[in-house]
Amino acid sequence: MFRIRSITSASLSQSERELSEVQRILRASFSALSPAEIDSLPAKLADPRAYRFQTTLLVAEDLRGDLHGFALALFASDVGFWYLDYIATGSTLRGNGIGGALYQRVRELALASAPIGLFYECLPDDPARCSDPAFAKQNAARLRFYAQFGARPIVGTGYETPLRPGELDLPHLVYDDLGTGRELGRDDCQRVMRAILERKYQHLVGPEYVDAVVASVQDDPVRLRAIKPRAKSVAPRVDLDEAVLVVNDRHDIHHVKDRGYVEAPVRVRSILRGLEGLGSFKRIEPRPFDRAHVLAVHNAALVDYIEHTCGQLPEGQSVYPYVFPIRNATRPPKDVAYAAGYYCIDTFTPLNRNAWLAARHGADCTLTAAEAVSSGQRFAYALVRPPGHHAERRVYGGFCYLNNAAIAAHYLSGQGKVALLDIDYHHGNGQQDIFWERSDVLTVSLHGHPSHAYPFFTGFENEVGAGEGEGYNLNIALPEELDADGYRAALATALARVREFNPRFLVVAFGLDTAKGDPTGSWSLGPDDFKRNGALLRALELPTLVVQEGGYRSSSLGANARAFFKGLCGRSA
């Protein structure tokens, strides 16, 4: 049994070890590669703009962490295609299906970005075109292997044109439509060939050669060679990704029983029931973290006010904001009830004796999950309440007191760039405010347009950040009526921005209030939609922390959460 995971950075010790092993295999098995190209692999992972490809390294490892295979895939986001650069497996496991599992993972990764297709090179299977006729048999087997997936060489073009007279072993360019049935058009083929030649082989070919090869593509759609596939081999056992689960076991002390208050303990119980038997989670206990992690994203005066006010309130009594003074940073009201309107953005988020205790423990739960991700866990889920994404640096509101996702994103940013993707129905105004002037944390929010959705005063598309953070906040404000296809199109836009940012970690502010029938939303996503959306996030191949935010229709919370994590963790049933 083995697992496949993505390496997105060479900065962690485990990644350094595996990257070094990949480079060793490249030197030993691919003699045509120059030392400089092999040495540049860490830089390609870190700086996609410089190399004009986003590079993804997938590694297959056993449960002891030993490397048994890898695949190196490149994405040209400006042209819209994927290129499989190398795929290799260790000799000790040859025939055990690792190559097929790696290739299938590359296809899943590529399909999520709706590209032109997946391309790669295969050496010829015609003995007359091989420097050693014995190579033809090996090359034919390789082409048959890829034919299992529907991939075929492009024919009728000048892609195999030799650079020098008599040159042999010139590769075919192979096209995989990723199971879509899409024919490859001439214009798309020309753009792909030009990008490959100019970006991968600029040290070998000149403009005249490139122009001639591109001009040789005349068929529309292009022609593909027919290859009879060999019988499919038995699929290997791949260890599906297990997620760490951290639950706020003190969430239910915060129970506001006022009529119409939908942020209730039943939310967590409903989600846990939905996840029972899924087999995707390993539950761990939360541990306490220093208060400094909270103060890194929240103003000390806000934190002190919430903690002090909650601590002095009698059991069963709540303080609701009801007057909102014009804020003067030097003169906040001294009365705790009046001050509520100074620190809160709405009239329906009360303070009570247990609000601070539940919120503070929720932050510890989220940091525990973030710590697991930072230590190599691919997925972690912080199932917490109260939620957090409406809490800004200086104010609370929207049922939120401390911004769990932002606290975790700041914690993870100590190891590299972080993308914080908010897929709650409501705008993530908290993280927008907290990271407004930072470029190391990208904030992206898909939400109902503020013309009809809380919090009404933020979430417009012209809010892009300021100073160093300009261009690192993306709001995708969506109409009141939206179907699943429209939502997926918006999510694809968000994920394209995340890929461009090339983060080390992904934090997802996860709202289930996008579901059909939610009392705070107006959309109609169902279990199948949540599963597909989870699979799209999986295809980013990033260490991912999911933090629970909204979702208030208790009858559907469990089914929708279960479906989302099926997609995220690669479960089919």
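The values are calculated or read from the model by the stated rules, or taken from the named source; none is laboratory data. Being a predicted model, the structure only gives us computed values, none of them experimental. All Cβ positions, glycine included, derive from the backbone under ideal geometry; neighbour counts span all protein chains shown.
Quick notes on this one:
- Unique match (being charged (D, E, K, R) and assigned to a helix (DSSP H, G or I)) among Asp304, Asp290: Asp304
- Ile116 meets each of the listed conditions (1) out of contact with any Asp or Glu (no Cβ under 9 Å at 6 or more places or on another chain); (2) modelled with pLDDT of 85 or more apart from (1).
- Number of positions in the range 102-122 that are buried (at least 20 other Cβ atoms within 10 Å of the Cβ) and under 11 Å from His172 (Cα atoms): 2
- Extreme residue, farthest from Glu160 (Cα to Cα), among residues of the range 192-213 that are basic (Lys, Arg) and either within 27 Å of the chain's Cα centre (by Cα) or not assigned by TED's automatic domain parsing to the domain that holds Leu118 (or both): Arg199
- The sole residue among Arg331, Arg360 that is within 30 Å of Pro543 (Cβ to Cβ) and basic (Lys, Arg) is Arg360.
- The range 184-218: number of residues that are of a type in the set (D, E, K, R) and not in a helix (DSSP H, G or I): 0
- Some residue of the range 244-251 being touching a residue at least 24 places away in the same chain (Cβ under 8 Å), among the hydrophobic types (A, V, I, L, M, F, W, C) and within 17 Å of Ala358 (Cβ to Cβ): yes
- Complete set of residues in the range 417-444 that are in contact with a Gly (Cβ under 8 Å, 6 or more places away or on another chain) and hydrophobic (A, V, I, L, M, F, W, C): Leu420, Ile423, Phe435, Trp436
- Answer residue from the range 123-135, given it is without any contact (Cβ under 8 Å) to a residue 24 or more places away in the chain and surrounded by fewer than 17 Cβ atoms within 10 Å (Cβ to Cβ) and is nearest to Ala195 (Cα to Cα) among those: Asp126
- Exactly one residue among Tyr338, Tyr396 is surrounded by fewer than 21 Cβ atoms within 10 Å (Cβ to Cβ) and hydroxyl-bearing (Ser, Thr, Tyr), and that residue is Tyr338.
- Taking the numbered list (1) surrounded by fewer than 24 Cβ atoms within 10 Å (Cβ to Cβ); (2) at pLDDT 95 or above in turn, Val384 passes all entries but (1).
- Within the option set Ala559, Ala477, Ala496, being among the aliphatic types (A, V, I, L, M) and modelled with pLDDT under 95 holds for one residue only, Ala496.
- Residues of the range 333-349 classified as of a type outside the set (A, V, I, L, M), within 21 Å of Gly398 (Cα to Cα) and free of Cβ contacts under 8 Å to residues at least 40 places away in the same chain, total: 4
- All conditions but one from (1) at pLDDT 75 or above; (2) touching a Phe, Trp or Tyr at 6+ places or on another chain (Cβ under 8 Å) apply to Gly80; the one that does not is (2).
- Residues being in the same structural domain as Asn533 (by TED's automatic domain parsing) and within 21 Å of Phe379 (Cα to Cα) are represented in the range 474-491 by at least one member.
- Among the residues of the range 412-437, the ones that are at negative phi and either surrounded by fewer than 24 Cβ atoms within 10 Å (Cβ to Cβ) or among the hydrophobic types (A, V, I, L, M, F, W, C) (or both) come to 15 in all.
- Some residue of the range 105-117 being more than 30 Å from the chain's Cα centre (by Cα) and among the polar types (S, T, N, Q): no
- Considering the range 515-573, the residues that are in contact with a strand residue (DSSP E or B) (Cβ under 7 Å, 6 or more places away or on another chain) and of a type in the set (D, E, K, R) include one that is surrounded by the most Cβ atoms within 10 Å (Cβ to Cβ), namely Glu549.
- Qualifying residue in the range 361-378 (condition: small (Gly, Ala, Ser), surrounded by fewer than 21 Cβ atoms within 10 Å (Cβ to Cβ), assigned by TED's automatic domain parsing to the domain that holds Gly397 and farther than 30 Å from Glu16 by Cβ): no
- Odd one out for Asn462, checked against (1) surrounded by fewer than 19 Cβ atoms within 10 Å (Cβ to Cβ); (2) closer than 29 Å to Tyr411 by Cβ: (2)
- Of all positions in the range 318-332, at least one carries a residue that is assigned by TED's automatic domain parsing to the domain that holds Val262, among the small types (Gly, Ala, Ser), under 23 Å from Phe457 (Cα atoms) and at pLDDT below 90.
- Of all residues making up the range 458-498, the number that are hydrophobic (A, V, I, L, M, F, W, C) and under 20 Å from Asp440 (Cβ atoms): 7
- In the range 1-33, residue surrounded by the fewest Cβ atoms within 10 Å (Cβ to Cβ) [restricted to those that are in a loop (DSSP other than H, G, I, E, B) and at pLDDT below 65]: Met1
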